[in-house]
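Participant: Can you keep this structure in mind? I'll have questions shortly.
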Amino acid sequence: MSKQFIIILFFSLLILIPCVIAQLTIGVSPPVVYLGDMEPDSSKIVRFNLITTSGEVILTYLTPMNGDLGWFKASKYNDYLSNFSEQESASWIRFTKNPVEVEETLGGTIKGASEVRFIVKLPEDVEPGYHMGMIGLDPVGASKDAMFSIKTTVPLIFIFRIPGNAFRSAKIIDVVPGGYSEGNLKLKMFIENTGTVTLQSFKGKIDIFDKDGEKITSLSEGENSIEPGEVRVINLLWSVRDIEEGEYDVLATFDYSTDSTSKNTTIEVSKISIIPSPRVIEGVYVFPWWILIIIVVIFIISYFIYKS
């Protein structure tokens, strides 16, 4: 490859870069809106501004999203984690307009800004405690000459509190075997939400030990959403093909992000019984001659009755 060709290729790429990449950057102001206390079956109008440094942005689609516990942990509200409800909140959002056109501004770093309004309409069964929701942004309308766009967005966070006794708590009711399947023993971990708020993104873990206290294996499985007072089952599979029958110690742990609970119990492993498949045994057919004798007797009796 000649040096001249490389130079031509390099300058050609420099010329094409502005046409290939059109960046869309859009954010919100303020980034977090605290709505204060709200009551069940009430509503509130929320206002915020879309702002952008990209002059080519035309429309921004708004998407309601459920709250994120990870963000709540890292925020100034982390002291209220034990009162945080992970109840689904996206369905409580109503937009007055969607998508929203970002209006062009004159001069300065901010090249576009528009006010956005939406309504938070709470149901009657909203749980007590802190709730959060998010508004995701999807800007469109890049430069006509661009082949693709890089989108940088910052969602809006809104938070409110429902007065009442709000706390996160759970317990493990029991861990029981649930039957064998293809060399695996199904273990059922029964969990009860003993708090007053919904728990999301939780995980059940089981450590199994032999009679000498040595850990044999660790099993874990995640589930989603358990409401207050609800009992859920987490199913975990334990491969017991090479496991001797007998009793094994179990340490069960239920982690629901803000805390965890544990329970010690035992599991009995027995040999897997193989039930033979049913088969039909065909025998030699024997004609029931007694039926023929009865017919003959009935015929003779009928004959004499008729003659008399």
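The values are calculated or read from the model by the stated rules, or taken from the named source; none is laboratory data. None of the values given here were measured: they were computed from a predicted structure. Note that each Cβ is placed from the backbone with ideal geometry, even for glycine, and that neighbours are counted across all protein chains shown. Quick note on the areas: whole protein, heavy atoms, side chains included, nothing else; ligands and nucleic acids left out. Shrake-Rupley method; radii C 1.70, N 1.55, O 1.52, S 1.80 Å.
Participant: Tally time: how many residues in segment 30-50 are among the hydroxyl-bearing types (Ser, Thr, Tyr) and either open to solvent by less than 60 Å² (accessible area, probe 1.4 Å) or on the phi > 0 side of the Ramachandran plot (or both)?
Facilitator: Matching residues across segment 30-50 total 1.
Participant: Suppose we keep only residues that are outside any strand (DSSP E or B) and surrounded by 15 or more Cβ atoms within 10 Å (Cβ to Cβ) within segment 183-226. Which one would you say is modelled with the lowest pLDDT?
Facilitator: Checking each candidate, the answer is Ser201.
Participant: Could you tell me which residue of segment 89-107 is nearest to Phe118 (Cα to Cα), considering only residues that are open to solvent by 70 Å² or more (accessible area, probe 1.4 Å) and touching a residue at least 40 places away in the same chain (Cβ under 8 Å)?
Facilitator: Glu101
Participant: From the list Val120, Val116, exactly one residue is surrounded by 19 or more Cβ atoms within 10 Å (Cβ to Cβ), assigned to a strand (DSSP E or B) and at pLDDT below 95. Which is it?
Facilitator: After ruling out the rest, the residue left standing is Val116.
Participant: Quickly run through segment 214-246 and pick out the residues that are more than 21 Å from Gln87 (Cβ to Cβ), within 17 Å of the chain's Cα centre (by Cα) and among the acidic types (Asp, Glu).
Facilitator: Across segment 214-246, the qualifying residue is only Glu221.
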